[in-house]
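Single-structure report; data block below.
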Amino acid sequence: MKIAIPENKTFMHQCIIPIRWGDMDAVGHVNNTNYIRYLEIARTEWMLQMRDASGEAYPAKTGPIIVNVFCNFYLPMKFPGNVIAKLYVSDCGRSTFDTWVTMELEGQEGTIYAAGGATVIWIDMEKEKAVSLPDWVRKAVQGEAV
């Protein structure tokens with residue numbers, strides 16, 4: 001089953017992730033689990049930049065958790081190489097937003113090798129319950145200056 005990446009999304013961040021020899025599987029492709037790691041790297045880099053721009057302390061008593069994650073595989077990636085991970089956001093709700101990442105390879109820009117996403121929910125860490133997104137997160141996700 002493929003999950004469609006929405007047309008209506010906002011570009012937020014791009015990063016370069018080196019493919020490591022250890023990312024490979026027995027048949028010479030990047031192992032499926034590493035694509036999920038690439039999604040995490042892009043999302044975490046963006047969220048740390050967003051937090052730094054806001055001046056907010058982190059971690060706090062509230063923060064993000066992932067409630068789902070998926071990845072569609074289109075073409076195999078192999079060592080050596082660098083992944084170009086482009087992160088987008090959409091569907092900002094009271095306590096959640098969706099992140100989407102497309103993965104290309106340097107030297108093959110414009111060719112999507114994989115694409116995936118995750119839903120982020122903001123929670124009270126002690127109560128383990130959803131809370132409203134902090135203003136600095138909501139502004140960033142909605143594309144406003146932080």
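For Met24, the solvent-accessible surface computed with a 1.4 Å probe is close to 40 Å², ligands and nucleic acids excluded. The 1.4 Å probe gives accessible areas that order Thr102, Thr33, largest first, as Thr33, Thr102. Each label was represented as a point 7 Å from its Cα along the Cα-to-Cβ direction; for Thr10 and Tyr74 these points are 2.4 nm apart.
Number of Lys-Lys pairs in the range 61-142 with C-alpha atoms under 22 Å apart and a separation of 8 or more places or on different chains: 6. Ranking Glu104, Glu40, Glu128 from most to least accessible surface, computed with a 1.4 Å probe over the protein chains only, gives Glu128, Glu40, Glu104. For the range 7-146, the dipole from Cβ point charges (+1 on Lys and Arg, -1 on Asp and Glu) about the Cα centre works out to 180 debye, to the nearest 20. Model label points for Glu126 and Ile65, set 7 angstrom from Cα along the Cα-to-Cβ axis, are 1.6 nm apart. Given a 1.4 Å probe and the protein chains as shown, Lys9 ends up with an accessible area of around 60 Å². Protein heavy-atom surface of the chain, 1.4 angstrom probe: 51% of the accessible area is carbon and sulfur, with nucleic acids and ligands not counted.
Taking Lys and Arg as +1 and Asp and Glu as -1, the other residues whose beta-carbon sits under 10 Å from that of Phe79 total +1. Against the chain, whose longest principal axis comes from its Cα atoms, helix 32-54 is set at around 40 degrees. Express the accessible area of the range 72-142 per residue in Å², computed with a 1.4 Å probe while the remaining protein chains stay in the model. Solvent-accessible surface per residue comes out at 45 Å². A cut-off under 9 angstrom between Cβ atoms defines the neighbours of Ala118, and their net charge, with Lys, Arg +1 and Asp, Glu -1, is -1.
By the helix-only formula, in which each DSSP H run with n ≥ 4 contributes -39500 (n - 2.57) and the sum is divided by residues, the chain has a 222 nm mean residue ellipticity of -6500 deg cm²/dmol. Across the chain, the relative contact order, built from alpha-carbon pairs under 8 Å that are at least six residues apart, equals 29 percent. Building the convex hull from the alpha-carbon atoms of the chain and averaging its projection over directions returns 9.5 nm².
Counting only protein heavy atoms and using a 1.4 Å probe, the accessible area of Ser132 comes to about 60 Å².
The values are calculated or read from the model by the stated rules, or taken from the named source; none is laboratory data. Treat the numbers as computed from the prediction; the structure is a model and nothing was measured. Ideal geometry is used to build each Cβ from the backbone, glycine not excepted, and the neighbour counts take in all protein chains shown. For accessibility, only protein heavy atoms count, side chains too; no ligands or nucleic acids. Shrake-Rupley method; radii C 1.70, N 1.55, O 1.52, S 1.80 Å.
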